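Notes follow once the structure below has been shown.
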Amino acid sequence: MRKEALFYTRLENKRVQCNLCPHRCILANGKMGICRVRKNVDGKLLALNYGWISSCSFDPVEKKPLYHFYPGQPVLSIGSVGCNLRCRFCQNDTISQTGVEGYNGLTRADPTQVADLALSRSNNIGVAYTYNEPLVGFEFMMDVAVEVHRRGAKNVLVTNGFIEPEPLDQLLAVTDAFSIDLKGFTEAFYRQYTSSSLAPVKKTLERIVASGRHLEVVHLIIPKANDNPVDFQRMVSWIRTTLGRETVLHLSRYFPCYQMTTPATPVSTIEAFAAIAREKLDYVYCGNVPNSTGQDTLCPVCNHRLIRRNGYSTGLTGLGPGAVCQRCGHKIPVIMP
Ligand code: SF4
């Protein structure tokens, strides 16, 4: 299935410029963008991955990860192929670092089918766009999101945040919650390990906060790549001053993937960085760390345990109606079922 892409400019000699993400690819006739799913065909930019699904599953919302958005509820999660980044540590490279013709497991779907499937399970909150980079499937994602909202359900976007402001503003109109990767806090890291840049991601985060949409930030800590404590402290300070001290931050443990062979992040590193982050932020979680209490939500005022998590099992043990701490009454930024 192919569809004409949004956000592009026609140039002379049948060339086009894609304006969806900050790469701003200029494509001669017949050429493909960096994301491998947007192609110039006779002077028209086509979205080749429109309606192609690589993965579809009812996941716990905690798996996105979102810890403060309908905790304990499932969300229908869909992915396609393609990505505008080249992360050397990608955990989904079989679908993200390929195009439609390079992946055998694709199935077709239209937006109403996806939205109907989401509504077929009574406690499902809506649809999450995830697995590969959903932004490079902008047109299909938007069409599904409109159908999902029409049915009164929620849209969740799990993304690298590398997008231009104009398409982002359209997404903000239909997206209820964002899980955004902040992969590092230096331009050098973004350039060397992801072939992209940090500044547009920071702008995306600021725009989401200004919109009032729910946001959680994910930071993967990779030994010898982005585990400099000084850079990390700068990142945490920026999050606090620019996004707010109640910003949810997930620190995630890296494991060797794709082009990276560096051994996994020591648990002690995750715990040490979490301690640094908690000095400035109220809600900091440790991901990919077995048996860690760093996944629980504690009240930042009285330290009462509010939400207990064990793997993907979630218990709202200490939260009262209206998402307040049952012990001290502090209002917690959790969107409840
Ligand atoms: S979305 Fe794809 S084609 Fe468009 S600018 Fe980004 S990488 Fe290039």
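The values are calculated or read from the model by the stated rules, or taken from the named source; none is laboratory data. Bear in mind the structure is a predicted one, so any value in this text is a computation, not a measurement. Cβ coordinates were reconstructed from backbone atoms using ideal geometry, including for glycine residues, and neighbour counts include every protein chain displayed. Calculation scope for accessible area: heavy atoms of the full protein, side chains included, ligands and nucleic acids excluded. Shrake-Rupley method; radii C 1.70, N 1.55, O 1.52, S 1.80 Å.
Considering only DSSP beta bridges with both partners in the chain, what is the antiparallel share in %, to the nearest 5? Don't jump to the answer; show the numbers that get you there.
On the way: 28 of 56 bridges.
So the antiparallel bridges amount to about 50 percent of the total.
Based on the Cα coordinates of the chain, what is the per residue volume of their convex hull in Å³?
128
In segment 3-47, if every C-alpha pair distance is counted and binned at 5 Å from zero, what percent goes to each bin?
So the P(r) values, bin by bin, are 6, 30, 41, 20, 3.
Per the helix-only calculation at 222 nm, which mean residue ellipticity applies to the chain, given -39500 (n - 2.57) for every DSSP H run of n ≥ 4 and division by its residues, nearest 500 deg cm²/dmol?
Calculated at 222 nm, the ellipticity per residue is -6000 deg cm²/dmol.
Just read off the accessible area of Arg305 with the full protein assembly in place, 1.4 Å probe, to the nearest 10 Å².
Rounded to the nearest 10, the figure is 80 Å².
So which of Lys203/Lys280; Lys183/Lys331; Lys44/Lys203; Lys64/Lys183 end up more than 23 Å apart by C-alpha?
From the list (Lys203/Lys280; Lys183/Lys331; Lys44/Lys203; Lys64/Lys183), the Cα-Cα distance tops 23 Å for Lys183/Lys331; Lys44/Lys203.
Size of the dipole of the chain about the Cα centre, Lys and Arg at +1 and Asp and Glu at -1 on the beta carbon, nothing else charged, in debye to 20?
For the chain, the charge dipole is close to 220 debye.
What is the sum of charges around Leu171, taking Lys and Arg as +1, Asp and Glu as -1, for the other residues whose C-beta is under 12 Å from the C-beta of Leu171?
Charge balance near Leu171 sits at -3.
Accessible area per residue for segment 3-47 in Å², computed with a 1.4 Å probe and the full protein assembly in place, what is it? It would help to have the intermediate numbers written out before the result.
Details: 2280 Å² over 45 residues.
That works out to 51 Å² per residue.
Could you give the accessible area per residue of segment 167-287, probe 1.4 Å, as a whole number in Å²?
On a per-residue basis, segment 167-287 sits at 40 Å².
Just to be sure I understand the rule: take each whole DSSP H helix in the chain, project its Cα atoms onto its long axis, keep it if the span is 15 Å or more and its mean Kyte-Doolittle hydropathy is at least 0.0. Which ones pass?
Helices meeting the criterion: 138-150, 199-211, 267-278.
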